[in-house]
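S.K.: Let me begin by handing over the structure; questions about it come next.
None of the figures in this text is laboratory data; all of them are computed from the coordinates on show. Computed from a predicted model, the values in this text were never measured in an experiment. Heads up, the Cβs are rebuilt from the backbone with ideal geometry, glycines too, and the neighbour counts pull from every protein chain shown.
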Amino acid sequence: MNQFVVYAIAAVLFVLGLAAIGGAAFGVQRNRRIALAVAGVVLWVATLALYSRAASLAPAQAEPTPQAAATTAAPAASPALPQPTAALTATLPAAPFPSIGGRVVFHSDRDGEIDIYTMNADGSDVQRLTDAAGRDFEPAWSPDGSTIVFSSDRDDPDNAVLYLMNADGSDQRRLASSLVDDQVGARWSPDGQWILFHSNPQVEGMPAFDVFKIRPDGSDLVNLTNTPGNNFMADWSPDGQRIVFVSQRDGNRELYVMNADGSNQTRLTDGGFENSLPRWSPNGQQIVFESNRTGSTYGLFVIDAPNEENAGASLESTVRMLTFPGFNYSTPDWVNDEWLVISSDRDSTNLVNYEIYLLKADGSEIFRVTENVGVMDRFPSWTP
């Protein structure tokens, strides 16, 4: 019987029972009052039985699937941003771990201080490469995988400078330059002949970040941006002809692009958000970056890369979201045109921790690589 029909019959019996009890309370004849009281009790017992029956006919509410739960919990995305091609779930996908291969270098505080580590792309064979006093952080592979550049404050806790080491951690040496201020955010040119980084020397008595390039032997230091406002977090195009970077020259952090010699600096985004850590895709067609454009957390987004057709234009309208809001996704690096290696706090519980993940470049799959509760595994860089 239909659930609502049962509820209707129960309601009628309740009213009849109420009338019988009323007659028993105010009737004149004693025998009739007793009969009405008995009838009222019987009708109310029947009412309770029917209500229980109706409740049992209610359709069970299905448990939300992980994808639905993740979608419901997330705040609404900006109307200007399309949804990812597939929702990232709250748990690891059932698909087998992708056959990526290669090595990942990253920094971690798993042993008490921030040091440099390497591992296979699936998280196996973890090797600690640095163990000096101070912080060793933000590593990046050379194009041939033989050398790692990183920042370290082992010589001066107030100013981190660039260091180089072999892929196995041997021959750690300082990359000498005339700069004595912080030198961070190092990125190799595709041909291995230059290293980009940002530093904050004093300009008219005030520190300001600019993007520099330098040879791996410490020669030919060049200030590429040299403009008011902080300029930092640069990366090369795959052909080595252009550089994407972040600038605060117009207020908030926006993406800019320039030629490899620093000329023709052009703004790419204009959404009024805080955008950081752009990384140019291997095929040169898009740039991934992190941004707070969906709320209080930082997510990953991609934007069309500048080319001959869109040169000089704002590309804000081409921004696409890769990760749903609710957790932080950051420090991306391309493995190939299909996969990214990133860090995220998506599996944090009582202790906030960042782990390394493999993320499909369309946002459809994600695989956890490291598992270290309460630590920060960040800034991964991949080499074949």
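S.K.: What's the extension gain from Gln193 to Phe97 if we count 0.36 nm per residue and subtract their Cα-Cα distance?
M.R.: Gain on extension, Gln193 to Phe97, equals 31.1 nm.
S.K.: Quick one: if the Förster radius is 22 Å, what FRET efficiency do Asp220 and Thr266 give, using the C-beta to C-beta distance and rounding to 0.05?
M.R.: The formula returns an efficiency of 0.35 here.
S.K.: Would you please state which residues of segment 269-294 a label at Ala311 would reach in this model, taking the label point 7 Å out along Cα→Cβ and a backbone N cut-off of under 17 Å?
M.R.: 285
S.K.: A follow-up question, please. Going highest first, how would you order 318-324, 351-357 by mean Cβ packing within 10 Å?
M.R.: Ranked by mean Cβ neighbours within 10 Å, highest first: 318-324, 351-357.
S.K.: Could you tell me what % of all Cα pairs in segment 229-384 have separations over 28 Å?
M.R.: 18
S.K.: I've got another one for you. Would you mind counting up the charge near Ala311? Only other residues with Cβ under 13 Å from its Cβ, with Lys and Arg at +1 and Asp and Glu at -1.
M.R.: -1
S.K.: Quick one: which of 365-372, 112-119, 259-266, 273-280 comes out on top by average Cβ neighbours within 10 Å, and what's the full order, highest first?
M.R.: By packing density, highest mean first, the sequence is 273-280, 112-119, 365-372, 259-266.
S.K.: Label point 7 Å out from Asn166 along Cα-to-Cβ: which residues of segment 349-384 have amide N under 20 Å?
M.R.: It comes to 383-384, nothing else.
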